[in-house]
Amino acid sequence: MDITVESTVTDVTVYPDRARVTLRGECMIKPGVHRLQVDELPLLMETESVRVMGQGTAKVRLLGVDVSRHHYTETPSEKVRELEQQIEQLEDDLRTLQDDKTGWLAQAKYLDGLRQSTAEFAKGLARGRIDVAQQSTLLTFLQEEDGRIRAATRELDQQQRELNRQLDKLRRELKALQSARPRERYQANMDVEALSEGDFTLSLSFVVRKAGWRPLYDVRFLTNGDAPRLAVSYIAEIFQNTGQDWPDVAVTVSTARPALNQRLPELRPWFVDEWQPQVMAKKSAPTGKRMRAEAPAPAMDREDAMLFADAAPPEPQPVVAEVAVAEVQSGGTAVSFKVGGSVDIPGDGSPHKTTVSEFEFAPKVDYLAVPKHTDAVFRRATLTNDSPSPLLAGSASLFVDEEFIGQTKLEYVPTNGELELLLGVEERITIERELARRDVDKRLLKDNRQLRYGYKMTAKNLLETAVQLELHDHIPVPRHEQIKVRLENAQPAPAKQSDLNLLEWHLTLPAGAEQAVTYEYLVEHPRAMQVTGLAE
C-alpha cells in the first residue's frame, strides 16, 4: 500500500559549502508491507546522502529506500504557483481591456460613417425632411460621442500600460524562481513493514548543494573603562538556492567542511630534464590536405574537476536580514553554532544574517607609523583568540566605540591563534619626517664618490597616557657589488635592521612627550658609475 507522507523541514545544519536538511512527517500505519512516499525533494539533493529513521507507537521495520525523479503538471512551489496564477489573472484582465477597447473602436468607426454621410443630410435639409435643429442635435451627438469614445480609450490605454508593467515584473520574478524550481522534483520511497498498528513519525535527512554560510564580523574597539577592549560579533550569513524554502526551521551552522574530506589530493611525479633547443621544421610545399591542428592541452580529469567544483564558493547577493543569537557547540575539529529560536530562509539565494556568537578580548594596543609614505599614525590591536571557536576568514566591519572606520579582511585564526588588526588612525599622535642632510664628500678615496644623507623623524604624543610607537623606515639596498650603503649615526639605534635595510624603532612616548629619531646613511660608489634610485 502506498502512503504519501506530508513532511516539513524541521532542522538544517549548514556547512560552508552545503547543508544537511532534515524533514519530518507523520502518518497512521496498519500491519503489513507499505511504501511511504515523500514528494517535492529538491533536485540539488545528493541522492546517496539520503538517510531514513523513524519512531512511533507502531512497530515498524525499515526495509529500504530509493530516490526517483517525479514530474509535475504545475511547478511544485507555492511561491511559483502564486506568481503563475497572478500572471494568468493579469493576462485575463488585459484581454478584457482589449475587448472593451475593440468595442469602443467599433463605435468610433460607426460615428465616422455618420460623419461621411453629411451630403445626404444636406439633401434632407434642402428637401425639408429635416430641419436645422435636428441637424444641430445630430452634430452635438456626434461631438459628445466622439469625446466619450476618446476618453474611454485613453483610460483603457492607461490601464493596459499599468497591467503590462505589473505583468513584466511578475514574469521576471517567475523566470528567476523557475531556474531553481523546475516542474520536477525528487521523490523518496521507503519500503517498510509494520508489525503493529499505530502512528509513525518519519525522519528523512539528506545533503543539498548550493547552500552554505560565510562569516561576517563586527569588530568594535571600546575605549571607555580602565583598559581598552575589543568586542567581536561573529555573524553567519546563510544562503541557499535549492528551490526548497526552509520556513520556521531550527538552524545550526558548522565550521566543518565535509567536501574537503572526500579525496586526498594525489601527488604525481615531477620530472626535470635537460633543456633542448627547438628545431624549426622546414616548411613544405602546400598540399591539398588540411594541416593537422596543434594537439589541445590535456583536459582536467573528472575527479580533479569535482575537487575544483566543490571548492568553488557560491556567489549569493547579500541583503539585510533578521538577527538571532546562537549557542556554541564544540566537538572534535569543528565548531557548531545552534541558532536560538527558528528562522525562515527562502530557497531563492537571499542571504539570512544571524549573530552566532559574541566574544570580548583584552588586546595589546600599540601604534604604527611609516612617515616616508604618510603622516598618519595607525592604531594596532594584537590579541590571542581565547574563544571556544576559530575565526574563519571573512569580511569585518571596524568600529571605534560607535564610529564606523572602515572594513578589512580577517584571515583564518584558530583557537589560541594570534590576530592583528589595524583600527584606524590616531590623530592625537603626530609624526614628521624631514631631510636633514644631503652632501657629497669631494675627497677621492680610491677613486670612489661618497654621498651622505640624513633624516630626522619627530613623534609627538598628545594623548593623556603613554603609548608604544613602532616606527618604520628604510635605506637603499645596493644591487651592484661596487655600490656600498652603510647606516651611520642612528639616534636611537633601530631595534631591527633586516637584510633588505628595513629599519624599525620601538619607542615609548609618555603622555604629552616628544621624541626625535635621527639617522644618516652613506652611499659609496665609483666616480665613473652613474647610480639610479637615490632620489626620493
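Every read-out reported here was derived from the displayed coordinates using simple, explicitly stated rules and does not represent laboratory data. Computed from a prediction, not measured in an experiment: that's the story for all the values here. As a convention, Cβ positions derive from the backbone with ideal geometry for all residues, glycine included, and neighbour counts pool all protein chains shown.
A few comments on the model shown:
- Residue 437/residue 403 FRET efficiency (R0 41 Å; Cβ-Cβ; nearest 0.05): 0.50
- Within-15-Å neighbourhood charge of residue 414 [Cβ basis; K, R +1; D, E -1]: -3
- Coordinate range of the alpha-carbon atoms in region 429-526 per principal axis, descending: 55, 26, 15 Å.
- Among the listed pairs 79/101; 372/496; 372/460; 210/338; 79/353, those beyond 27 Å (Cα-Cα): 79/101
- If only the Cβ of Lys and Arg carry +1 and only the Cβ of Asp and Glu carry -1, the dipole of region 484-536 around its Cα centre is close to 180 debye.
- Within straight-line reach of residue 409, meaning a Cα separation under 12 Å, sit the following aspartates and glutamates at least 8 residues removed in sequence or on another chain: 218, 420.
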